[in-house]
Amino acid sequence: ETGVTQSPTHLIKTRGQQVTLRCSSQSGHNTVSWYQQALGQGPQFIFQYYREEENGRGNFPPRFSGLQFPNYSSELNVNALELDDSALYLCASSRSRGTSTDTQYFGPGTRLTVL
Amino acid sequence: AQSVTQLGSHVSVSEGALVLLRCNYSSSVPPYLFWYVQYPNQGLQLLLKYTSAATLVKGINGFEAEFKKSETSFHLTKPSAHMSDAAEYFCAVLQGAQKLVFGQGTRLTINP
């Protein structure tokens, strides 16, 4: 059983650019959640996708958007990058939407630096 | 809304000593609580979770946590620290059906 994978590992962009981060969920999982972890902070929930539909969103502006594909992999897109977007972006997959015992399994993250 | 507070951003213990990492929660409904560990330059790994089945929860790597409703706490313990336990530890509560709300984290340092 393969775990959650993310690409790329590191990324450097300049302010105003757009970025796409990718996540492959764990085998058998149909739900993907994205989190932003700023340096020295705990992860913050961005949004969750379940069967290709957005299923909950945190306090992030619309320039943060996502997609989930039929194979349950996912993308996080960020437009008009700002310096404060520099962070570790974590993807987590789980087996089904929202039951209390579902565990979210995290990938290794993508480190985004905005200059 | 549910939240968690981790007391102590940095904890340092000697190898072989007891590890105690503190987490208090705020929730108007029975909470579902988690502890995750993050090693340098890595993602989060689940240590253990509380889902109301038993108040003492055993996890991986010898860690355990006890849910105490009267104290609104979910502290993480390990009887004997090992050098490999050095990492960042996050307590989290499940909010609604989708969202994990994390604490600020506690960095654990192990002294030889």
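The values are calculated or read from the model by the stated rules, or taken from the named source; none is laboratory data. Since we're looking at a predicted model, the values are computed, not measured. So basically every Cβ, Gly included, is an ideal-geometry build from the backbone, and we count neighbours across all protein chains shown. Calculation scope for accessible area: heavy atoms of the full protein, side chains included, ligands and nucleic acids excluded. Shrake-Rupley method; radii C 1.70, N 1.55, O 1.52, S 1.80 Å.
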Region B:12-112: which GluC sites (Glu not before Pro) are DSSP loop and have at most 11 other beta-carbon atoms within 10 angstrom?
B:GLU71
Accessible area of chain B divided out per residue, in Å², using a probe of 1.4 angstrom:
47 Å²
So which GluC sites (Glu not before Pro) in region A:53-115 pass both tests, a DSSP loop state and at most 15 other Cβ atoms within 10 Å of the Cβ?
A:GLU82
Residues A:GLN17 and B:GLU71, FRET efficiency given R0 of 45 Å [Cβ-Cβ distance, rounded to 0.05]
0.40
For A:GLU82 and B:SER12, FRET efficiency with R0 = 25 Å and r from the beta-carbon atoms, rounded to 0.05?
0.10
Among all the lysines, which ones have a C-alpha under 20 Å from B:LYS99's C-alpha, if same-chain residues fewer than 8 places away are not counted?
B:LYS49
A:SER7/B:ALA97 FRET efficiency (R0 25 Å; Cβ-Cβ; nearest 0.05):
0.35
According to the Kirkwood expression over distinct Cα-Cα pairs, how big is the hydrodynamic radius of chain A, in Å?
14.0 Å
Calculated diffusion of the protein assembly as shown, Stokes-Einstein form, Kirkwood radius summed over Cα pairs, 25 °C and 0.890 mPa s, µm²/s
136 µm²/s
Per-residue average of other protein chain Cβ atoms inside 10 Å, peptide A:57-66 -> 1
With an 8 Å Cα cut-off and a minimum separation of 6 or more residues, compute the relative contact order for region B:67-112 in percent.
35 percent
Determine the shielding of peptide A:18-30 by partner chains: average, over its residues, the number of Cβ atoms on other chains within 10 angstrom of each Cβ.
0
Tell me the Kirkwood hydrodynamic radius of region B:21-93 in angstroms, computed as one over the mean inverse distance between distinct C-alpha pairs.
12.6 Å
Estimated buried accessible area (total), pair A and B, 1.4 Å, Å² to nearest 100:
1700 Å²
Simple spin-label estimate for B:VAL29 and B:THR5 in nanometres, 7 Å along Cα-Cβ:
2.3 nm
